[in-house]
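Working notes, structure below.
The values are calculated or read from the model by the stated rules, or taken from the named source; none is laboratory data. Quantities reported herein were computed from a predicted structural model and do not represent experimental measurements. No Cβ is skipped: glycine too gets one built from the backbone with ideal geometry, and neighbour counts run over all protein chains shown.
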Amino acid sequence: MTEQTPNTAANDIEQLIRNQIKDNKVILYMKGTPQFPQCGFSAKSIEVLTQIGRPFAFVNILENPEIRATLPQIANWPTFPQLWIDGELMGGSDIILQMYQSGELKPLVEANSPAA
Ligand SMILES: N[C@@H](CCC(=O)N[C@@H](CS)C(=O)NCC(=O)O)C(=O)O
């Protein structure tokens, strides 16, 4: 029998992500920043959130390679951007756009992010 030593670093990253998702009711994991998105899919998501006009948190996964590697496993979603609202993964840029166009996203964001 081999001893199973906990992977502390991985556990720390997972806990960090879980805290980010818990502490920020609207959070976008993206490539780049809202001011300078570094991927078309992230840029599209930012356009939608900007249209909605409520504050949101973001994490630039290009500056956080451990989060980039770990979040897809936690989320069971392989790509970025990822929009999380109230602890739940909404999806990536295609879903964000669909939810916006169907009228579902705006009230959900508004309910979870008071006006600044
Ligand atoms: N159809 C996807 C497109 C997102 C996508 O393909 N993202 C890629 C390129 S930006 C990605 O995150 N790949 C994994 C990675 O770069 O870590 C969506 O709706 O969000």
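If we scan the range 79-93, do we find a residue that is of a type outside the set (Lys, Arg), within 14 Å of the chain's Cα centre (by Cα) and assigned to a helix (DSSP H, G or I)? Within the range 79-93 (the criterion being of a type outside the set (Lys, Arg), within 14 Å of the chain's Cα centre (by Cα) and assigned to a helix (DSSP H, G or I)), the answer is yes, since at least one residue qualifies.
Remark: pairs (first residue in the range 21-40, farther than 17 Å from Arg54 by Cβ; second residue basic (Lys, Arg) and modelled with pLDDT of 95 or more; Cβ separation under 9 Å; 6+ apart in sequence or on different chains) = Tyr29/Arg68; Lys31/Arg68; Pro37/Lys31; Pro37/Lys44; Gln38/Lys31; Cys39/Lys31.
Against the criterion of being touching a strand residue (DSSP E or B) at 6+ places or on another chain (Cβ under 8 Å) and modelled with pLDDT of 95 or more, Gln38 qualifies. Here Ala115 fits the description: of a type outside the set (Val, Ile, Thr), in a loop (DSSP other than H, G, I, E, B) and loosely packed, with under 12 Cβ neighbours inside 10 Å. The single condition from (1) surrounded by 15 or more Cβ atoms within 10 Å (Cβ to Cβ); (2) part of a helix (DSSP H, G or I) that Val59 fails is (2).
Taken together, Glu14, Glu104, Glu88, Glu47 contain a single residue that is in contact (Cβ under 8 Å) with a residue 40 or more places away in the chain and of a type in the set (Asp, Glu), which is Glu14. Residues that are at pLDDT 95 or above, exposed (fewer than 15 other Cβ atoms within 10 Å of the Cβ) and within 16 Å of the ligand (Cβ to nearest atom): does the range 93-100 have at least one? Scanning the range 93-100, I find at least one residue that is at pLDDT 95 or above, exposed (fewer than 15 other Cβ atoms within 10 Å of the Cβ) and within 16 Å of the ligand (Cβ to nearest atom), so the answer is yes. Evaluation of Thr8 against the conditions (1) modelled with pLDDT under 95; (2) in contact with a Pro (Cβ under 9 Å, 6 or more places away or on another chain) shows that the sole unmet condition is (2).
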